[in-house]
Each structure stands twice: as structure tokens, then as C-alpha cells.
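As C-alpha cells, the structure follows; a few thoughts come after it.
The values are calculated or read from the model by the stated rules, or taken from the named source; none is laboratory data. As the structure is a prediction and not an experimental result, all values here were calculated from the model. Note that we place each Cβ from the backbone using ideal geometry, even for glycine, and neighbour counts take in every protein chain shown.
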Amino acid sequence: MRLTDRQKLILTLIIHEHIQTAQPIGSKTLVQKYNLTLSSATVRNEMSVLTDYNLLRQPHTSAGRVPTEEGYRFFVGNLIHKSALPTTTRRTITHQFYQSRQDVEQWLKLAASVLANQSQAASLVTAPHAEKAIFKHLELIATRGRQVLMVLVLMGGEIRQQFITLPEPVAQERLSEIAAQFSNLCVRRDADGIARMRQHFDALGQDILEILLAEMTLIEESATGEIYLDGMTNVLSEPEFAESDEARQALHILEERSLLENLLASTMVNTDVGGIQVLIGGEGTWEELRQCSVILARYGDPKSLTGSVGVLGPIRMPYDRTISTVQFVANVLSDLVSETLAV
């Protein structure tokens, strides 16, 4: 779509104003607030052309214009100027991560909190996750009767815990021996490599091996690691969400793991580490997100572990600053993964 410089300016100003006010924007407002060297009639004519292009719409006959989904897409794809986070903000965020750099769970929670606070939207962060599960360590802890807590640690730091039921009660000393045997024989092996070690274990060890292989298969089939959310109340306070049940239902996609995994898998499948994806109005695919935008980035080490970070908010979001914030947090997390977790 070819727009004149004047049309691009008017579209940009309307989007900025609508982001701030959530109200239709009239030509008189633009001329007065931005000291345009144009008459209100000229601006109205250009707004009419932009409406014909489906970049703006007129909610009511006598009202001003608001951007359409196509208008926001054109803005993000062609007109946006990413604004770097202030130096003091970047330093503060980096220092917070530095203080928690040895605690993976803590810096994932911090990432969700920083994104929510900086964007004033709902945030999501997925734990770094390997496409191939590589064994590092196993713990077996006796609990009650035949129940045992199995703690599986993968290369890269991902931890999975589950209760398993053995054919008969087993003393903790015996469980520790078997766990040590696994940790010695199976370190740095994938599921296929561990399966080839079956003959090294007795009957009990082979029972545990089958459970372990099933868990590693589940891990590889999972699209993401653990998911951390923050900032739901930020979104609910926005006019679009306060006044619309349909908009509030968009938050359901964050709370329903299968829906969120599906969204991330289909959106981030071809996104490189450091890459950004912007979904506006569900892009005709996600009906639940028709009144929302989602900004996502991939972080991590492409040869080892990767995860996703992002925010969800109304379509009327400040894309320039939000994209910069998501990109910055993704870069910080990538550095942490490379320094502390990468195989």
C-alpha cells in the first residue's frame, strides 16, 4: 500500500493519540495539538482516504476515527520507530538480573515482573527448554509405602518432578544406589542412549528406566518449559477489557497451557533467537485474541536451550516502547542462558 508522507503522518498521529486516550480522534484535535500546517478540512479528507484504505474506521457518524487492525499492522510494519529504553532503566533491570543470575526460577519470575511493569500489560515467560532432552542427574526419594518422588535434572537446568509407584516398598538406601547408577551411566545421554543402557540395570532399575524414558519423551513433545505469568490486573484495568467480556476472555489463552503452547508453537516455530513476532487482533487465526495484540521474542542459546518472552495487551498498545522492552529482556535472558545453562 502506497501512502503519501502526509497520510503516513496523520495515521501515525491518530494511532499515538488513540493509544493514549482510547477515544476516536478528530481532525481538529490533530491540527491543534500538533500545530499542523494543514486545515481541519484537509486532515478530514486524508482521514477519509485512510478510511477507504481500511486503515481507519469511524465508530459513529459524527465521531473521529480510530485505527483498524490493518492500520496498526501498517504502522508496526512501516512507520514504527523503536524507542530504546532509558539508560537508567536498562541499568536497573540488568542489575536485578545480575543479583539473581544463579537462580533460574528467580530470573524467570523477574523477567515476567519486569515485562509487566514496563509494558503495563500481561506478561509471559517460558523457561528455557531443549528440543532434545539430555540427562544430567536423577534423585529418587522415598515418601510413603511404594510411592517415590523422582527428580530428573536435564542438561541446561530443566527439572522435572513426579511421584512414581513401585511394585513394592524400597528402602531409601537402595533408591539412592539406583539413582547414583543412573547418574553415572546416563549423564549426557538422550532417551535413545539411555534405552541402550537397559542391560546394566536390575529389574527395579529397568522399571525406573521405563518411567524415565516416558518422562523424557513427554519433555521433548512439550512445546515449552514451565510458564510464568504476571500483570493480569494491568490488562483488566484497560477500558477495552473493563467493558467487554469478549476482551477479558482473551486472558483465558494465557491461563490454559494447551492453548498457550499452541500459540507459541505456531508463532515462534521459525523465529530465531532475538527475533520478534507481533500478532495484532489474532491475525485472523486466534479468535480469542481479536481485541488484543501479542508481542513475542525468542531467547536463549539456539544450540542448546531456548524460551519465549512476551506481553499481551489491547491492540491499542505503545508498540515502539513495548517491542524495545521485550527485545531487551530477551537479550538479557539470552546472556544468562549462555553464561549459566548452555551445554
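For this structure, a couple of remarks:
- Filter pass, D230 being acidic (D, E) and free of Cβ contacts under 8 Å to residues at least 40 places away in the same chain: no
- S324, sole failed condition from (1) touching a strand residue (DSSP E or B) at 6+ places or on another chain (Cβ under 9 Å); (2) modelled with pLDDT of 85 or more: (1)
- Condition check for R298: charged (D, E, K, R) and farther than 30 Å from V187 by Cβ: no
- The lone exception for Q277 - which of (1) closer than 21 Å to S119 by Cα; (2) touching a residue at least 60 places away in the same chain (Cβ under 8 Å) it fails: (2)
- If you check L140, L212 for being assigned to a helix (DSSP H, G or I), buried (at least 20 other Cβ atoms within 10 Å of the Cβ) and not assigned by TED's automatic domain parsing to the domain that holds V104, only one passes: L212.
- In the stretch 210-223, the residues that are under 18 Å from T165 (Cα atoms) reach residues that are polar (S, T, N, Q) and modelled with pLDDT of 80 or more with C-beta atoms within less than 7 angstrom, at least six apart or across chains, in these pairs: E215/Q162.
- Among the residues making up the stretch 1-33, those that are outside any helix (DSSP H, G or I) and surrounded by fewer than 18 Cβ atoms within 10 Å (Cβ to Cβ) are M1, R2, T4, A22, Q23.
- Some residue of the stretch 242-252 being closer than 19 Å to G310 by Cβ, of a type in the set (D, E) and not assigned by TED's automatic domain parsing to the domain that holds M197: no
- Residue tally, condition in a strand (DSSP E or B) and surrounded by fewer than 23 Cβ atoms within 10 Å (Cβ to Cβ), over the stretch 297-330: 1
- Qualifying residue in the stretch 91-101 (condition: modelled with pLDDT of 90 or more, more than 22 Å from the chain's Cα centre (by Cα) and not in a strand (DSSP E or B)): yes
- Test result for G300, touching a Ser or Thr at 6+ places or on another chain (Cβ under 7 Å) and either of a type outside the set (D, E) or assigned by TED's automatic domain parsing to the domain that holds P67 (or both): yes
- In the stretch 77-90, the residues that are more than 30 Å from I10 (Cα to Cα), touching a residue at least 24 places away in the same chain (Cβ under 8 Å) and either among the β-branched types (V, I, T) or not in a helix (DSSP H, G or I) (or both): T89
- Screening the candidates R188, R196 for the property of being on the phi > 0 side of the Ramachandran plot and either of a type in the set (D, E) or more than 24 Å from the chain's Cα centre (by Cα) (or both) yields one hit, R188.
- Taken over the stretch 245-274, residues that are of a type in the set (D, E) and either in contact (Cβ under 8 Å) with a residue 40 or more places away in the chain or within 29 Å of E339 (Cα to Cα) (or both) amount to 3.
- Restricted to the stretch 52-67, and to residues there that are assigned to a loop (DSSP other than H, G, I, E, B) and free of Cβ contacts under 8 Å to residues at least 12 places away in the same chain, the residue that is surrounded by the most Cβ atoms within 10 Å (Cβ to Cβ) is S62.
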